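Report on the following structure.
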Amino acid sequence: MVGEQSAAIFGHSDPRILDILQKVGREGLNLGGPNQYEARLAEVVCNRFPSMEQVRFCNSGTEANLFALSTARAFTGRSKIMAFSGGYHGGLLTFPNGPGPLNVPIPTVLASFNDVSQTHDLLERNAADLAAVIVEPMMGGAGCLPPAQEFLTMLRHSCNRNSIVLIYDEVMTSRLGPSGMQGRLGIQPDLTTLGKYIGGGMNFGAFGGRRDLMERYDPRRPDHWIHAGTFNNNVLTMAAGTLGLTEIFTPEAAVTLNESGDRLRAMLNDAASKRNLPVTVTGIGSLMNIHFARPPIATPTDLAKTRSALKSLLHLDFLLNGIYIARRGFIALSLPIGTDDLAYAVSTFEAFLDRWAELILDEA
């Protein structure tokens, strides 16, 4: 149920994905130039995410976020970015308790997710130097923290007012609706980054958005920006991604999968509530995280009251019962998971709560 950290939405070996990989592989693994598969995937992605007027492909979500930030910095001529404590935008853009030691050296203003007044104040005070604000519209790696609508609305308005590029990192959250979280929220970012499952289970990244930003990469311009990469448009990813979005994870399938996730999260929370145990399951749709703490858990600061040792115990208990979730309590549903699988997960969770109730209460 960890779903390859959200990448395996199609399961581990969907026969339709395997068939298309074998077909295009026989035609040539890497063609060294434009191919029909990338044109089709670009069309599908832009139709699925209307804010992406143009899109470019790369090899990972990390790359996508780096390119999106570089695009914003080059376009605006400003150097700083705003990110959020606890945020994760790839291995070189981590902010657990400040910038990670391996982060790329971009001057960063760190704000608090869902804190409207603090973030607004920081943004306005640094506006003249800010090229971009990058945010997951639901924090994933930080514990599946849903956004407050007024928080994201404030970011949109403040970025508009100060000509700051608003970047939605939807590498994980794009699965939470037919058009991602931006579709659910009705808020359009200037740039969007994608990854994970959209490559059909292959390595994949993409960044795209407003035409005036993305057209700077048009090679017909004498002053165009160069974006190259040997495997950016590899035919395996392009073909698998197109098939995955058009025939498997369709808009209708997105709705169904996220409804299943909402039901599972409700059942897990209900199991803890009936036992009056300090356990909260956060998230939206098919992404969720189990926390050993009472609600509310709305900001990364709230995560300080959760107990990681109990998450590790749950992780091991689930493994012994044939269920794989992330050690941090993260769950990402995939399409092959059915009603019986969900029921088994709930009963296993209930048995865990009953067995370890005293320890859970002692740790509270």
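The values are calculated or read from the model by the stated rules, or taken from the named source; none is laboratory data. Quantities reported herein were computed from a predicted structural model and do not represent experimental measurements. Every residue, glycine among them, receives a Cβ derived from its backbone with ideal geometry; neighbour counts consider all protein chains shown.
Details
- Filter result for Arg78 (modelled with pLDDT of 95 or more, touching a Ser or Thr at 6+ places or on another chain (Cβ under 8 Å) and crowded, with 20+ Cβ neighbours inside 10 Å): no
- Filtered residue count, the range 40-70, keeping only those that are over 23 Å from Gly183 (Cα atoms) and without any contact (Cβ under 8 Å) to a residue 40 or more places away in the chain: 2
- Scanning the range 49-65 finds no residues that are part of a helix (DSSP H, G or I), more than 29 Å from Met214 (Cβ to Cβ) and at pLDDT 95 or above.
- Of all residue pairs spaced 6 or more apart or on separate chains, those with beta-carbon atoms under 7 Å, a first member in the range 301-317 that is without any contact (Cβ under 8 Å) to a residue 60 or more places away in the chain and a second member that is in a helix (DSSP H, G or I) are Arg307/Glu363; Leu310/Ile360; Leu310/Glu363; Leu314/Phe352; Asp317/Phe352.
- Filter result for Asn114 (polar (S, T, N, Q), touching a strand residue (DSSP E or B) at 6+ places or on another chain (Cβ under 9 Å) and closer than 30 Å to Tyr217 by Cβ): no
- In the range 340-364, of all residues being among the charged types (D, E, K, R) and modelled with pLDDT under 95, the one that is nearest to Leu313 (Cα to Cα) corresponds to Glu363.
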